[in-house]
1. Tell me, which helices (runs of 4 or more DSSP H) lie completely within segment 322-413 with 1 or more residues that are under 27 Å from residue 85 (Cα atoms) and not hydrophobic (A, V, I, L, M, F, W, C)?
2. Any residue that is surrounded by 15 or more Cβ atoms within 10 Å (Cβ to Cβ), in contact (Cβ under 8 Å) with a residue 60 or more places away in the chain and either under 15 Å from residue 140 (Cβ atoms) or among the aromatic types (Phe, Trp, Tyr) (or both) - is there at least one of those in segment 335-348?
3. What pairs come out if I take residues in segment 289-314 that are without any contact (Cβ under 8 Å) to a residue 60 or more places away in the chain and under 11 Å from residue 107 (Cβ atoms) and pair them with residues that are crowded, with 24+ Cβ neighbours inside 10 Å and small (Gly, Ala, Ser) whose C-beta lies under 8 Å away, six or more apart or interchain?
4. So which residues in segment 141-170 are of a type in the set (Gly, Ala, Ser) and in a helix (DSSP H, G or I), if there are any at all?
5. Considering segment 357-413 alone, what residues qualify as being within 22 Å of residue 171 (Cα to Cα), of a type in the set (A, V, I, L, M) and buried (at least 17 other Cβ atoms within 10 Å of the Cβ)?
6. What are the pairs with Cβ atoms under 7 angstrom where one residue, in segment 356-374, is over 30 Å from residue 160 (Cβ atoms) and the other, located anywhere, is surrounded by fewer than 16 Cβ atoms within 10 Å (Cβ to Cβ) and of a type outside the set (Lys, Arg)? Sequence gap at least six, or different chains.
7. In segment 175-191, what residues are modelled with pLDDT under 80 and assigned to a loop (DSSP other than H, G, I, E, B)?
8. When segment 299-312 is examined, which residues are found to be farther than 16 Å from residue 261 by Cβ and either crowded, with 24+ Cβ neighbours inside 10 Å or of a type outside the set (Phe, Trp, Tyr) (or both)?
Amino acid sequence: MSSGGPPIQPSPIGPSAEVEPHEVSPLTLFRVFFVVGLTSFGMAILQNIRSVTARRGWLSREEIDEGLGLVQLYPGAIGVDLVAYIGYRMRRIRGALAATAGFATPALLLMLGLSWAYVEYGASGNMAQMVVGLSAIVVGVVASITLDFAGQHARGRVEAVLAVGAFAVGMAGLNLLWAVLGALVIGAFALRPKSQDRAQPRLPDARISGWRLALSLVPAAVVAAGVIVAVLVPGALATLTAGMAKTGSVAFGNGSTILPVLRQDAVEVHRWLTPEAFAVGVGFGQITPGPYLMTAAFIGFNVAGWVGGVLAAVAIFAPSVAMTMVAAEVYPYLRRLTAVRGAIRGIMAAFVGLLGTVVFSLSQQILDIPAALVLAAATLAFVRAFKLNLLVVFGAGLAAWAVYLLINGPVGT
């Protein structure tokens, strides 16, 4: 489950000294991050990644924070990309692939199991009633995330305009990519930090290794070739793979900010899921450990079974993992560009509005069920007031909903 809060701010440090990768085997990276992916929820994910890496002496905390700053500059899930960055620093491409695979595998296996149970038993009376409660909890949680993002990323006039404009684009049913691209361009010009700002650290010059940069481009070329094939080849699996890769290539931030783009493709464009089923997938992503975007595997399972679940998960993470390998080589240059930082501010503001469209869409499913609306409002209130772990929120909310059903009987759907 990826964190739902705003991006973490890295330490304001310069590029780390150039070092050769440590002698850490890919198998060790897989094993260590498998445990992290199996035991980490919510905001604890980033903290656990940082502490495990520093405790083992693989990277210093300053170097880890440098990577945390890097992975917020391009699309993809922050937690997954930070793991890929650490793996790349350890053993280049093999390390990045091993660490990412270890981190994502527990969540993938759990999500596939939950997806199978939902497909097999989700239509039964009792399960359908519990799904209503799950949908209500998801509405409250996503509404809280939206408020967090608004407070963090839509405080200025330009940011607020971008947020409202993105909401309008989403409500009009237009392709959300236009909102993202528009915010990127506007942010690059209107939200870039002042180059003469003395608060910005002075960054030293650094040289890029040409042969290592060329080698780091190989995974990106493989991913691009795979997406091209998926676009050209007919069939549900190819369409699923291309759609997930597109989402993973354009959506910034974390699982929560990528959610609007994922929902539009899955529910509105391809109609792989109903809005109700998508809410269930979001809930499963919240209650399972590891990356929140493993909801993609739920979508893939509903489209094409076990193979579809695996392909969807690989496709949504592969683009940003490939970007991480390239970005790790050019980061000393990239982080110097004020336009890049301004573009990211614009994109994050736009995602405030896009998250608003998700709340609106999910809430339509429970508007005619007063008890579900109360549960959604209570979830929002408790999350905002007590900052509870989301696993506790979902567990307590589903338990309360089960008690309500036992006392009052089934609700309309």
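1. Working: elements: 338-363, 370-386, 390-408.
So the answer is 338-363.
2. No, segment 335-348 has no match at all.
3. Filtered contacts from segment 289-314: 296/312; 296/313; 296/315.
4. Step one: list which residues in segment 141-170 are of a type in the set (Gly, Ala, Ser), which gives 143-144, 150-151, 154, 156, 160, 163, 165-166, 168, 170.
Hits for segment 141-170 are 143, 144, 150, 151, 160, 163, 165, 166, 168, 170.
5. Once the filter is applied, which keeps residues that are within 22 Å of residue 171 (Cα to Cα), of a type in the set (A, V, I, L, M) and buried (at least 17 other Cβ atoms within 10 Å of the Cβ), segment 357-413 yields 358, 359, 362, 366, 376.
6. That search, which allows pairs on different chains as well, returns 368/412; 369/412.
7. 175
8. Kept after step one, since they are farther than 16 Å from residue 261 by Cβ, are these residues of segment 299-312: 301-311.
Of everything in segment 299-312, those that are farther than 16 Å from residue 261 by Cβ and either crowded, with 24+ Cβ neighbours inside 10 Å or of a type outside the set (Phe, Trp, Tyr) (or both) turn out to be 301, 302, 303, 304, 305, 307, 308, 309, 310, 311.
The values are calculated or read from the model by the stated rules, or taken from the named source; none is laboratory data. Nothing here was measured: the structure is a model prediction, and the numbers come from that model. Cβ atoms come from the backbone with ideal geometry, glycine included; neighbour counts cover every protein chain shown.
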